[in-house]
Amino acid sequence: MTVLEFNQVNKTFGSGHKKVDALKSTDFHAEQGEMIAVIGPSGSGKSTFLTIAGGLLSPSNGEVIINNENITALNEKERSKIRLKEIGFILQASNLVPFLTVDKQMKLLDKVKKNNMNKEEVEQLYKDLGIGDLRNKYPSDLSGGERQRVAIAKALYSNPSIVLADEPTASLDSDRAYEVMGLLKEETKNKKTTTIVVTHDTRLIDYCDKVYKMVDGVLEQQK
Amino acid sequence: MFLAWNEIQKNKLRFVLIIGVLMLVAYLVFFLSGLANGLASLNREAVDKWEASAVVLTEESDKSLVASSLTIDEAEAVEADETAVLGQINAIARNDDQKANVSIFGIREDEFIMPEVTEGKAFAGENEVIASDTLKEDGFALGDVVELSSTEEKLEIVGFTEDARFNAAPVLYGDLATFQRVKFGEAAEANGDQINGLVLRTDDVSAATDKDELEAIEVETFIENLPGYTAQSLTLNFMIYFLFVISSVIVAIFLYVLTVQKISMFGVMKAQGVPSGYLARSVIAQTFILALIGVAVGLALTLITGLFLPAAVPVAFDIPTMLIYGAVLVVVAIAGAVFSVLTIVKIDPLKAIGG
């Protein structure tokens with residue numbers, strides 16, 4: 001089943017001399033249960049790709065379809081609802097709220113959205129990610145790897161159909177990076193989500209079912 | 001509330017400091033309101049005690065009781081439900097070792113200005129007076145015979161009454177004859193019908209008198225025209241109003257700085273789909289919590305301070321007024337948060353991705 005689809009999507013910033021084609025006309029689709037990597041040097045347009053996929057940015061042309069819903073025409077408020085319901089974000093630094101404990105990070109999502117994971121599912125998730133002992137700790141008390149594992153838990157907590165990860169291993173050493181990627185892959189298969197990882201780290205592509213390369217706004221499938 | 005409260009718990013010191021500043025502002029507001037109230041009652045409590053609706057004075061006196069002079073006959077031509085004649089003169093009263101500024105009221109025992117005696121008895125004969133009980137603190141007692149500055153007459157304090165200060169001076173109530181002897185001395189007989197004004201209880205003040213030389217003044221206007229009263233209350237009230245503005249600005253600045261520090265965090269939350277409205281409500285809730293605690297502590301501190309103040313400080317706390325001021329402080333604090341709310345609404349979730 002196709003969960004994310006790009007039809008002739010492009011994005012242009014600026015106009016006239018300063019016109020930049022951040023993303024050239026792109027067709028792309030991602031199926032349920034797939035782990036996809038988008039690699040490329042910085043400035044190649046992969047962040048633009050991710051932000052459009054996540055409904056944070058509207059494309060200049062073309063349409064983006066998430067779970068059979070065309071989100072291109074929606075306003076920010078409606079797209080914010082789609083993000084909450086369909087998409088889990090894992091960001092470079094860490095997407096944790098500094099003054100909330102691990103448990104309360106999840107509780108915040110309960111406050112703004114219904115139908116998150118139930119208690120047993122959360123316990124299982126904590127166990128899978130090995131963060132059960134960290135539930136009452138604040139982000140400042142966690143190591144980089146632990147923080148990223150909590151961030152994954154937070155992204156998966158709302159039962160999203162798509163997980164978008166922006167350089168999820170940027171602040172980690174190799175061992176921790178492989179560990180985090182392994183966990184992401186496992187959860188993708190277990191939960192039948194679709195995970196798209198944007199990274200410049202080519203060592204991580206072994207974990208992915210499909211690999212795309214982004215060069216100067218053009219997306220090419222490599223694997 | 002969830003975000004607001006958890007953040008306060010995690011960053012206690014930061015928020016205690018903000019609460020501290022709000023508390024000090026609230027403390028100052030409450031204290032000034034107590035002072036304003038105390039100074040006001042110093043001037044007006046004897047008038048408030050009349051529960052009157054208007055005072056009739058001569059037109060040429062320009063709303064000054066002391067400068068007004070009319071005859072009892074003129075006064076009795078005024079039509080109102082209830083009336084009370086009033087003669088008034090200021091003097092310095094002296095017993096063996098104390099002096100005090102006093103205001104002498106000449107009244108009729110059977111009219112409504114007659115005060116309730118709380119100690120001793122009512123005046124019955126010549127030169128007997130009921131005194132304001134604040135004179136007790138100044139060293140005067142029942143049975144004291146006081147000399148007056150402007151006359152040979154001596155007055156005997158036969159009773160005390162509460163809440164009886166007029167224009168900051170304690171009042172001595174005597175009958176009209178006593179008042180006239182004090183005011184006119186040997187000419188008292190000839191001026192036996194002279195009084196300063198007539199106090200009215202009536203529904204229709206404007207209908208009270210149709211004579212050109214007399215003027216019926218609403219009691220509130222009468223009080224505002226007491227010497228110094230308006231200047232005093234305006235000054236203190238202005239300070240209070242400015243404090244409202246200042247506290248709003250302080251809160252606005254504090255919250256804005258806090259919000260700016262959290263822009264990237266808010267961006268991440270918005271990227272995850274947390275609605276702007278939820279974040280904005282959280283900031284408002286936080287302001288409400290901070291302001292409420294600050295105001296409550298300020299109020300408690302003010303009342304505690306009041307217990308330790310010497311009687312000479314004219315502070316009188318009026319709880320309903322203070323509660324209103326407290327509520328206003330909370331509201332202006334929340335108004336100060338609006339600035340931060342606008343900032344949050346404008347944050348672009350794209351910032352969270354960083355490119």
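Observations on the structure shown:
- Förster radius 60 Å - calculated FRET efficiency between A:K127 and B:L24 (Cβ-Cβ, nearest 0.05): 0.75
- Top positive-direction residue, dipole computed over the protein assembly as shown with Cβ charges, set B:A4, B:L307, B:A231: B:A4
- Sequence-ordered 3J(HN,Hα) estimates for segment B:183-194 from the Karplus curve with 6.51, -1.76 and 1.60 and θ = phi - 60° stand at 6, 10, x, 5, 8, 4, 4, 5, 9, x, 10, 8 Hz, glycine and proline given as x.
- Magnitude of the charge dipole for segment A:64-186, about its Cα centre and with charges confined to Cβ atoms of Lys, Arg (+1) and Asp, Glu (-1), is about 560 debye.
- Were the residues from A:S143 through A:V20 laid out at 0.36 nm apart, the gain over their Cα-Cα distance would be 40.4 nm.
- Percent RCO, i.e. relative contact order, over chain B, from Cα pairs under 8 Å lying at least 6 residues apart: 28
- Computed from label points 7 Å out along Cα-Cβ, the spacing between A:Q8 and A:S174 is 4.6 nm.
- Segment B:1-108: relative contact order in percent, alpha carbon pairs under 8 Å with at least 6 residues between: 12
- Centre-to-centre separation between the Cα atoms of segment A:146-189 and those of segment B:19-36: 52 Å.
- For B:D318, distant residues with modelled amide H under 5 Å away: none
- Rounded to 10°, Cα long-axis angle of helix B:276-308 versus longest principal axis of chain B: 40
- Theoretical ellipticity at 222 nm over chain B - DSSP helices of four or more residues, -39500 (n - 2.57) apiece, nearest 500: -16500 deg cm²/dmol
- GNM flexibility winner over chain B from B:A54, B:A122, B:A280 (Cα, springs under 10 Å): B:A280
- Seen against the Cα atoms of chain A and their longest principal axis, helix A:102-112 is set at about 60 degrees.
- Using the Stokes-Einstein relation with a Kirkwood hydrodynamic radius computed over Cα pairs, the translational diffusion coefficient of segment B:202-283 at 10 °C and a viscosity of 1.306 mPa s comes to 87 µm²/s.
- Taking every alpha-carbon pair in segment B:75-230 and binning the separations at 5 Å intervals from zero gives 2, 9, 17, 21, 19, 15, 10, 4, 2, 0 percent.
- More than 27 angstrom apart: percent of Cα pairs within segment A:2-221: 31
- Taking label points 7 Å from Cα along the Cα-to-Cβ direction, A:L74 and B:L301 give a separation of 4.9 nm.
- Remark: chain B carries a charge dipole of roughly 4460 debye about the Cα centre, counting +1 on each Lys and Arg Cβ and -1 on each Asp and Glu Cβ.
- Whether segment A:1-71 is rounded, prolate or oblate, judged on the alpha carbon gyration tensor where a/c under 1.5 counts as rounded: oblate
- Nearest-ten-degree value, helix B:229-261 long axis tilted from longest Cα axis of chain B: 10
- Dipole magnitude of the protein assembly as shown about its Cα centre (Cβ charges: Lys, Arg +1; Asp, Glu -1), debye to nearest 20: 6700
- Taking amide H as placed 1.01 Å from N in the peptide plane, the amide H of A:S25 sits under 5 Å from none that are at least 5 places away or on another chain.
- Modelled FRET efficiency - R0 45 Å, A:K81 with A:V215, Cβ distances, 0.05 increments: 0.85
- Chain A, relative contact order in percent, only Cα pairs under 8 angstrom and at least six apart counted: 31
- Positive-end extreme of charge dipole, segment B:54-202 - chosen from B:V199, B:N95, B:S68 (charges on Cβ): B:N95
- Taking only the Cα atoms of segment B:260-340, the ratio Rg/Rh comes out at 1.22, with Rh defined as the Kirkwood radius.
- Label-reachable residues, segment B:137-177, where backbone N falls under 16 Å from a point 7 Å from B:D110's Cα toward its Cβ: B:175-177
- Calculated diffusion of the protein assembly as shown, Stokes-Einstein form, Kirkwood radius summed over Cα pairs, 10 °C and 1.306 mPa s, µm²/s: 53
- The phi-based Karplus calculation (6.51 cos²θ - 1.76 cosθ + 1.60; θ = phi - 60°) puts the 3J(HN,Hα) values of segment A:215-223 at 10, 6, x, 10, 9, 10, 7, 10, 9 Hz, whole numbers, x for Gly and Pro.
Just so you know, all these numbers are worked out from the coordinates, no wet-lab data involved. Please read these numbers as outputs of a predicted model, since none were measured by experiment. In this analysis, Cβ positions are derived from the backbone assuming ideal geometry, glycine residues included, and neighbour counts consider all displayed protein chains.
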